[in-house]
Amino acid sequence: MTSPVRALTRFHLRAGARVALRANAALLGTVTFIFGQAPAPDALLTFERFMIGIVSRSATSGPRMLFAAISTALGATAVPRVMLGTSGWMRSLPVDARTRRRAAVAAITAAQAIVAIALVVFAIIVHVVLHDPLDWPRIIGVPVMMVAIAGTLLPRQPILMRALDAIAIAAAIRGTGWAVGVALILVLISNSLQPPVAAPNVPKPAPTPTALAARRVRSPRALWLRATWRAIGMRRMVDAALAAAIPCAFAYLITRNNPQLPIATVERVARICCAIGLVFFAATATNALLASRPPWSWARSLPWSALDRVIIDAIVLGAPLIVVVAAVAPVHWPSALLMLCVVPFVGALCAGALRGAATKQFGAAGLCLVIGIPAGVAVAIWPMLAVLVLACTPVLLRWAAARERDSRATRFAELRHSAAGDPMWISRA
Amino acid sequence: MITFDDVRFSYVADRAALTIQRLTIDPGLTLVVGPNGAGKSTMLRLIAGVERPTTGTVCIDGHDLWKEEVAARRGLAYVPEHPELTPYATIGDTALLVAGLRGVDPLEAVDALHRAGLLPLAHRTVRELSMGQRRRALLATALIGDARVLVLDEPLETMDQEMRAFVHELVRERRAAGAAVLVATHEIEPFAGDADAVIAVRDGVVHHESIGGVPAGDRLAHIISLARGAEADG
């Protein structure tokens, strides 16, 4: 490793990659929790098969694909942190584009540390405890895959480099001797290519006065709606939707694996999982909005009411929840439709929880979960309560507006915004 | 006209940042003076409806800022010390938002951006502007509609000579139109000649004095003495 690469890599490891490593701890906790909840013999057997699939001979490549998915998720979490600021002042440093890329790849690979640690632990367990022979190409293939994943995830790079890394990932997952050899060669080629220097900035044409005036949207609230949506962004919304995937998957798996279940139970399972999914999604999205939207206290001086502002937030946070209802609909669509009644309630709840949440340990999610889960599950168990929940929505909106009015908009403003764009940062980091 | 009635404001419990028993601010130019941290900006935020008083009421033209939110803010224009603009909307979007909420023609937004010299930058977001340009953008929003209450917090800070002249012109224009113009500033001299009243803030307590009767030649010295008194006490 040349000196500039080492210096840059060390910098990334101490900055963005270090922060990104937190996701490893979160992942380890999740995996431990899931296996801890599973019945003992089943969980151990599954875990054994998984370990063998990673480091020993196995007919299926499922465990390696799961490993690749975990690596990709960890790498994707690391990319914004590692790349933060690299297109600014750091461009003035005497380092060429290839060195920058290599350092970033090294840092993003390091952020997947838990995968490498797991590989070593699995190899020891499989060899010493299970007495299974180790498959060395497969073991070597995992770090190659991690580097290739890091290379693929890097933003703004030529399609050729990305394609080389993508093929390397596929070959590393396959895990045979020749495939890992090909993967290694492809990764070396992609890291030896010279990426282009940054593309020249193409200025957008300034709008003419008439064009600007004609751009009037139907309502100024729609402008704010658009700005709020931009603040949360599609990517964060997709991340939040993943939080709903687990309860939705539960609904699907429970009903598909137990066809003998009475219809009343299927309905209840669909409703409960839908309710939990709705609240998980909304709570995660609310925390994302809390972290990404800087306070705009000046906007409070404009002629609109606090109620207007919370309604806009409730729409932005509530409307995407329809995705959860759609996801549960294949299990039992009338139950999923019924849970639509909870959507306005959850949207209003989140809009209220958002206010004053910056100083809370769990951000806005704590309040969303504490109120939202019992309310949603209550509707799931006693569907007649849907009417009550709907009737409560205007009251919740007024409560949210009161919180908006009472919030200290200009106190500790800098704490409310995650300048580093770190979604794990809520308020007291 | 702005009225404070038994207002107390705290950032943290049991520690008042500002206490105002009763205060009426009439149309004309009112300078808000006092040392750093005395509560000038807090007072302007209370008038602008950015912060809600812990107790008491703030009314603009008889409308309670927190009960008749829209009516009270209809003629209000606030330019904070720190240019708070959302990074998720362009300057053009922000100007159109203000025009839409104030119920004026969007061409007024275009005209305001033009007057502030920002029309060629209307497609940019706050992240693509310099600090001075961000403040210009907020000044531009103050030009949209006929503001009856104009609240300026340190309006000359980071401004070049051209924009300083622009601020003075804006203040004189709104004052002549019968608006209540409040300026919190440490640069007293540029505004002294036009000032009708002074609010000296000392350690969260305000002292209001009309200086309409003070001869024009003595105003600057009089305001400075009030400000120094505040600073000495503060």
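The values are calculated or read from the model by the stated rules, or taken from the named source; none is laboratory data. Here the structure is a predicted model, which means the values were calculated and not measured. Backbone-built Cβ (ideal geometry, glycine too); neighbour counts: all protein chains shown.
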Qualifying residue in the range A:18-29 (condition: more than 17 Å from A:Ala113 (Cβ to Cβ) and in a helix (DSSP H, G or I)): no
Selection from the range B:151-194 of residues that are at negative phi and β-branched (Val, Ile, Thr): B:Val151, B:Val167, B:Val171, B:Val181, B:Val183, B:Thr185, B:Ile188
From A:Ala264, A:Ala214, residue being among the hydrophobic types (A, V, I, L, M, F, W, C), at negative phi and more than 14 Å from chain B (Cβ to nearest Cβ): A:Ala264
Flag for A:Arg256 being surrounded by fewer than 24 Cβ atoms within 10 Å (Cβ to Cβ), over 30 Å from B:Glu68 (Cβ atoms) and either aromatic (Phe, Trp, Tyr) or within 14 Å of another protein chain (Cβ to nearest Cβ) (or both): no
Residue within the range B:60-77 that is crowded, with 23+ Cβ neighbours inside 10 Å, more than 8 Å from chain A (Cβ to nearest Cβ) and closer than 19 Å to B:Ala197 by Cα present: yes
A:Leu349 vs. criteria within 14 Å of chain B (Cβ to nearest Cβ), crowded, with 24+ Cβ neighbours inside 10 Å and of a type in the set (A, V, I, L, M, F, W, C): no
Test: A:Leu415 is at pLDDT 95 or above and either buried (at least 17 other Cβ atoms within 10 Å of the Cβ) or under 28 Å from the mean Cα position of the chain (by Cα) (or both): no
Complete set of residues in the range B:28-39 that are more than 14 Å from B:Glu189 (Cα to Cα), in contact with a helix residue (DSSP H, G or I) (Cβ under 6 Å, 6 or more places away or on another chain) and either within 13 Å of chain A (Cβ to nearest Cβ) or surrounded by 24 or more Cβ atoms within 10 Å (Cβ to Cβ) (or both): B:Gly34
Any hit, the range B:40-54, residues being farther than 27 Å from B:Arg134 by Cα and either more than 10 Å from chain A (Cβ to nearest Cβ) or buried (at least 24 other Cβ atoms within 10 Å of the Cβ) (or both): yes
Residue count for the range A:357-396, restricted to those that are within 20 Å of A:Leu338 (Cβ to Cβ) and aromatic (Phe, Trp, Tyr): 1
Only one of B:Val126, B:Val214, B:Val198 that is buried (at least 22 other Cβ atoms within 10 Å of the Cβ) and in contact with a helix residue (DSSP H, G or I) (Cβ under 9 Å, 6 or more places away or on another chain): B:Val198
Test for A:Val316: is it over 30 Å from B:Leu139 (Cβ atoms) and assigned to a helix (DSSP H, G or I): no
Residue match in the range B:17-24 (condition: surrounded by fewer than 17 Cβ atoms within 10 Å (Cβ to Cβ), under 17 Å from the mean Cα position of the chain (by Cα) and either in the same structural domain as B:Trp66 (by TED's automatic domain parsing) or not basic (Lys, Arg) (or both)): yes
Matching entry among B:Thr42, B:Thr30 (being in the same structural domain as B:Glu189 (by TED's automatic domain parsing), assigned to a helix (DSSP H, G or I) and of a type in the set (Val, Ile, Thr)): B:Thr42
Number of the exception - A:Val121 against (1) more than 17 Å from A:Thr152 (Cα to Cα); (2) buried (at least 18 other Cβ atoms within 10 Å of the Cβ): (2)
So A:Leu278, is it more than 14 Å from chain B (Cβ to nearest Cβ), modelled with pLDDT of 90 or more and out of contact with any strand residue (DSSP E or B) (no Cβ under 9 Å at 6 or more places or on another chain): yes
Any hit, the range A:38-45, residues being in a loop (DSSP other than H, G, I, E, B), of a type in the set (Gly, Ala, Ser) and modelled with pLDDT under 85: yes
Verdict on A:Val182 being out of contact with any Pro (no Cβ under 9 Å at 6 or more places or on another chain) and of a type in the set (Val, Ile, Thr): yes
Residue ranges of helices (runs of 4 or more DSSP H) in the range B:78-187 with at least 2 members more than 11 Å from every other protein chain (Cβ to nearest Cβ), in contact with a strand residue (DSSP E or B) (Cβ under 9 Å, 6 or more places away or on another chain) and of a type outside the set (Ser, Thr, Tyr): B:131-142, B:161-176
Qualifying position, being crowded, with 24+ Cβ neighbours inside 10 Å and closer than 26 Å to B:Val79 by Cα, among A:Leu302, A:Leu317, A:Leu307: A:Leu302
